[in-house]
Amino acid sequence: MKYPYSLQRALSRWIMLSTVLFALLGGTISGFNAYHEAREYQDMHLQQVGSLLEAGSVRPKKLPQNQVDQQDKHEDEILLVLQLDTAPLDYRELTEKLPDGLHTLNWQGREWRTLLVTHAPERFAVAQLTEIRNELALESTLQSVLPLLLLTPVLLLLVHGVIRYNLRPVTRLANKVDARHEQDLTPLEDSRIPQELMPFIRSLNHLLMRVGQSMAQQRRFVADAAHELRTPLTALSLMAENVARAPDLETVRERLQPLQTSQQRMQALVNQLLGLARLQGRKPVELKPTRLLACVQSVVADLYPLAESRQIDLGMNRQADLIVADDEGSLAQLIRNGLENALRYTPVGGRVDIELYQEGKCAVLQICDTGFGIPETELERVFEPFHRAAVHSESGSGLGLTISREVAQRLGGQVWLQNQPKGGLCFHYQQPLLEEPS
């Protein structure tokens with residue numbers, strides 16, 4: 001498999017490119033400085049010879065008047081010291097109007113770097129061919145730059161080797177992960193791992209731990225679902241046999257009633273299982289703003305016949321019009337589960353109160369009943385799949401509160417249960433508010 005991006009290649013490429021660029025830049029600057037320093041040193045050499053002429057320590061070379069034709073003999077001399085009175089005529093004419101100091105003169109088709117010095121009553125010239133000066137300066141430049149150019153490839157090879165060596169633990173770790181069995185979710189070893197990779201290793205280990213917990217939860221869920229389905233399926237099979245053995249039509253009708261009731265419960269359980277599976281497997285979609293009050297009123301209208309059949313006083317004490325985020329009707333499902341549980345587990349003739357209000361920057365929905373409540377130790381466990389409090393005699397699947405918590409987590413809210421001091425249970429749901437659209 002060819003990977004689209006390699007950290008090792010990227011590091012090597014950019015470090016090598018940077019090294020080459022800086023080597024070229026450094027060599028250019030170093031060579032430029034060395035070249036000009038050599039030229040300055042040569043000027044300083046001319047000035048030192050001029051000082052010796054002024055002190056009388058050096059005698060000039062006397063050139064005859066016809067030296068023009070013999071100039072080639074002295075082209076390779078490093079320095080040429082002339083007394084202008086005895087110099088060739090054209091040279092005297094070239095320098096007679098120039099002040100003392102350094103000048104670049106073109107004499108006999110050659111460039112000369114010349115220092116004019118007056119030591120009364122005589123005047124002198126200390127000259128050097130520009131070609132010779134340039135050769136000396138270039139030689140000095142090469143001596144300065146050449147080591148840098150020769151060491152740059154060595155440095156590039158060294159950088160490549162160091163990067164490759166230090167990334168070997170990453171390669172070994174990747175090979176170990178590839179060789180693992182798909183069911184092996186044990187944490188990765190963090191020994192001999194670069195410090196920069198430790199946050200990634202810790203995050204990966206946390207992910208493996210969460211995946212393991214999720215897989216264990218899914219296995220428990222499948223086992224519990226199989227157990228919950230096996231019991232009603234067995235009952236349906238026995239009821240169907242009883243119907244088959246009925247001696248007459250009247251007996252068949254009598255035995256069909258519990259069969260239909262069990263079938264409806266079975267269908268409700270399957271629907272809740274499918275609903276929970278869709279919630280857990282569905283990718284998060286774009287949340288849309290919705291009016292929580294309208295959603296609550298719609299659920300109340302649907303379940304009001306159940307409240308009337310049980311003679312339960314169902315009402316809303318507070319009705320704040322709040323806007324929250326919703327995910328394709330999931331909020332209505334959460335409210336329905338909370339209200340349906342309150343109506344089913346409240347004794348006949350009881351009361352269920354609904355309150356919708358704002359608390360800080362959150363919307364709060366509270367559904368309180370006058371039932372028997374549940375033990376404090378069960379308040380959290382009832383959110384587990386298929387778990388039902390032992391005090392409840394009503395039939396149910398044990399999935400309603402599980403679905404409610406799943407919905408709450410997807411919407412960024414939280415749901416919990418709380419026993420009332422005077423008896424009964426309160427279903428609480430809290431979710432951050434959205435600004436009302438303009």
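Remark: R202 matches the filter, which requires a residue to be at pLDDT 80 or above and open to solvent by 50 Å² or more (accessible area, probe 1.4 Å). Filter region 187-198 down to residues that are in a helix (DSSP H, G or I) and open to solvent by less than 70 Å² (accessible area, probe 1.4 Å) and give me whichever is modelled with the highest pLDDT. Here the answer is M198. Please determine, by comparing only the residues of region 152-171 that are open to solvent by 90 Å² or more (accessible area, probe 1.4 Å) and at pLDDT below 80, which one is nearest to F22 (Cα to Cα). Ranking the candidates gives R164 first. Among residues of region 46-62 being farther than 15 Å from T114 by Cα and either of a type in the set (S, T, Y) or touching a strand residue (DSSP E or B) at 6+ places or on another chain (Cβ under 6 Å) (or both), the one that is modelled with the lowest pLDDT is S57. In a residue-by-residue description of region 392-411, the property of being modelled with pLDDT of 90 or more and either of a type in the set (D, E, K, R) or open to solvent by 20 Å² or more (accessible area, probe 1.4 Å) (or both) applies to no position. Remark: pairs (first residue in region 69-94, modelled with pLDDT under 70; second residue not hydrophobic (A, V, I, L, M, F, W, C); Cβ separation under 7 Å; 6+ apart in sequence or on different chains) = Q71/Q108; I78/Q128.
Can you name every residue in region 344-362 that is free of Cβ contacts under 8 Å to residues at least 60 places away in the same chain, of a type in the set (A, V, I, L, M) and in contact with a strand residue (DSSP E or B) (Cβ under 9 Å, 6 or more places away or on another chain)? Across region 344-362, the qualifying residues are V352, I354. Residue pairs whose Cβ atoms lie under 8 Å apart, sitting 6 or more positions apart in sequence or on different chains, and linking a residue in region 363-387 that is at pLDDT 85 or above to a partner that is among the small types (G, A, S) and in a helix (DSSP H, G or I), are L365/G338; I367/G338; I367/A342; C368/A342; D369/A342; G371/A342.
Which ones in region 110-139 are open to solvent by 70 Å² or more (accessible area, probe 1.4 Å), more than 18 Å from H36 (Cα to Cα) and without any contact (Cβ under 8 Å) to a residue 24 or more places away in the chain? Once the filter is applied, which keeps residues that are open to solvent by 70 Å² or more (accessible area, probe 1.4 Å), more than 18 Å from H36 (Cα to Cα) and without any contact (Cβ under 8 Å) to a residue 24 or more places away in the chain, region 110-139 yields A120, P121.
The values are calculated or read from the model by the stated rules, or taken from the named source; none is laboratory data. Note that the structure is predicted; figures quoted are calculated from it, not measured. In this analysis, Cβ positions are derived from the backbone assuming ideal geometry, glycine residues included, and neighbour counts consider all displayed protein chains. SASA here: full protein model, heavy atoms, side chains in, ligands and nucleic acids out. Shrake-Rupley method; radii C 1.70, N 1.55, O 1.52, S 1.80 Å.
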